[in-house]
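Colleague: Would you mind keeping the following structure in view while I ask a few things?
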Amino acid sequence: MTFGFASSAASSITSSTGSASRLARMLEPAEWAAAGIPLLRNPREVVSGLHARHSPAPTTAVVAVLDHEERLAASASFSRRPAPADGWDFRNALLAHLRRVIPHDLRRRTPVRTAVLLYCRDGDERWTEEDGAWMWGLRDACTLHGLRCGAYITLTRGGWQVLGEGRGGRQPSSTTRPGRLSDASFDSAPALLRTAGGASEPLRRTAAR
């Protein structure tokens, strides 16, 4: 009986420690707002372009890299695994996809490109601990890839919301059928991505699903 009690207590302590670690790897809205995240000039255009390109469903994350003129340089989408929200796991997933679609900028003294994250989820526009973990993960992934940390945007049934800014809209939403890329002005001036081999590819080839 003593052994059983000790084992249960140890499991409880381990569980509490794990929960505390996960909570440390998330950002509260006030922390995010104080981090000096650059504002998007036209968030609706960015959201519409990413929605048309990736058709995100709930639990889908879309990470995009914008150049200094807010043109899309690369993007990737992936589904979140069914596990407790942890900024560490989110950071690793974001970093892995960034490495697949665009070279790092670690040799630059200051970042010139910005990464933004669009996350499609259930619920309403209010901040959740899951959002806080994505914010932490995005900020850390940007640091490790030499990028400026940009906006975190949620896409729900009610529409889209740039967290920490109070900007949003009803369309597109998580239930909106994706439009055509040709209709999204976000895609009207394709940027070129310099690949590892030195060749330039059109924007349409930089997106990964």
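The values are calculated or read from the model by the stated rules, or taken from the named source; none is laboratory data. Since the structure is predicted, the reported quantities are computational estimates derived from the model, not experimental observations. Positions of Cβ are generated from backbone atoms using ideal geometry, with glycine treated the same way; all protein chains shown enter the neighbour counts. The accessibility values were calculated without ligands, DNA or RNA, using every heavy atom of the protein model including side chains. Shrake-Rupley method; radii C 1.70, N 1.55, O 1.52, S 1.80 Å.
Colleague: Please go through segment 111-143 and give me each residue that is open to solvent by 50 Å² or more (accessible area, probe 1.4 Å) and touching a helix residue (DSSP H, G or I) at 6+ places or on another chain (Cβ under 6 Å), ordered by number.
Modeller: The one that is open to solvent by 50 Å² or more (accessible area, probe 1.4 Å) and touching a helix residue (DSSP H, G or I) at 6+ places or on another chain (Cβ under 6 Å): TRP127.
Colleague: OK, next. Of the numbered conditions (1) in contact with a helix residue (DSSP H, G or I) (Cβ under 8 Å, 6 or more places away or on another chain); (2) at pLDDT below 95; (3) open to solvent by less than 50 Å² (accessible area, probe 1.4 Å); (4) more than 18 Å from GLU70 (Cβ to Cβ), LEU203 satisfies every one except a single condition; which is it?
Modeller: Tallying (1) in contact with a helix residue (DSSP H, G or I) (Cβ under 8 Å, 6 or more places away or on another chain); (2) at pLDDT below 95; (3) open to solvent by less than 50 Å² (accessible area, probe 1.4 Å); (4) more than 18 Å from GLU70 (Cβ to Cβ), LEU203 fails exactly one: (4).
Colleague: Right, here's the next one. Take the residues in segment 75-90 that are charged (D, E, K, R) and out of contact with any helix residue (DSSP H, G or I) (no Cβ under 6 Å at 6 or more places or on another chain); name whichever of them is farthest from LEU27 (Cα to Cα).
Modeller: ARG81
Okay, residues lined up against (1) closer than 17 Å to TYR152 by Cα; (2) hydroxyl-bearing (Ser, Thr, Tyr); (3) touching a strand residue (DSSP E or B) at 6+ places or on another chain (Cβ under 6 Å):
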{"site": "ALA83", "(1), (2), (3)": "no, no, no"}
{"site": "LEU94", "(1), (2), (3)": "yes, no, yes"}
{"site": "LEU98", "(1), (2), (3)": "yes, no, no"}
{"site": "ARG107", "(1), (2), (3)": "no, no, no"}
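Colleague: Moving to a separate point now. When residues of segment 96-110 are filtered for being open to solvent by 50 Å² or more (accessible area, probe 1.4 Å) and touching a Ser or Thr at 6+ places or on another chain (Cβ under 9 Å), how many remain? Break it down into steps so the answer makes sense when it comes.
Modeller: Keep residues of segment 96-110 that are open to solvent by 50 Å² or more (accessible area, probe 1.4 Å), which gives 99-100, 103-104, 106-110.
If we keep only those that are touching a Ser or Thr at 6+ places or on another chain (Cβ under 9 Å) as well, we get 103.
Looking only at that region, the number is 1.
Colleague: May I pose another question? Can you pull out the residues in segment 139-156 that are within 14 Å of GLY36 (Cβ to Cβ) and not polar (S, T, N, Q)?
Modeller: As a first pass, look at segment 139-156 and keep what is within 14 Å of GLY36 (Cβ to Cβ): 139, 142-143, 148-152.
Once the filter is applied, which keeps residues that are within 14 Å of GLY36 (Cβ to Cβ) and not polar (S, T, N, Q), segment 139-156 yields ARG139, CYS142, ARG148, CYS149, GLY150, ALA151, TYR152.
Colleague: Quickly run through segment 147-164 and pick out the residues that are open to solvent by 50 Å² or more (accessible area, probe 1.4 Å) and outside any strand (DSSP E or B). First the steps, then the outcome.
Modeller: At the first step, the residues of segment 147-164 found to be open to solvent by 50 Å² or more (accessible area, probe 1.4 Å) are 148, 157-158, 164.
Once the filter is applied, which keeps residues that are open to solvent by 50 Å² or more (accessible area, probe 1.4 Å) and outside any strand (DSSP E or B), segment 147-164 yields ARG157, GLY158, GLY164.
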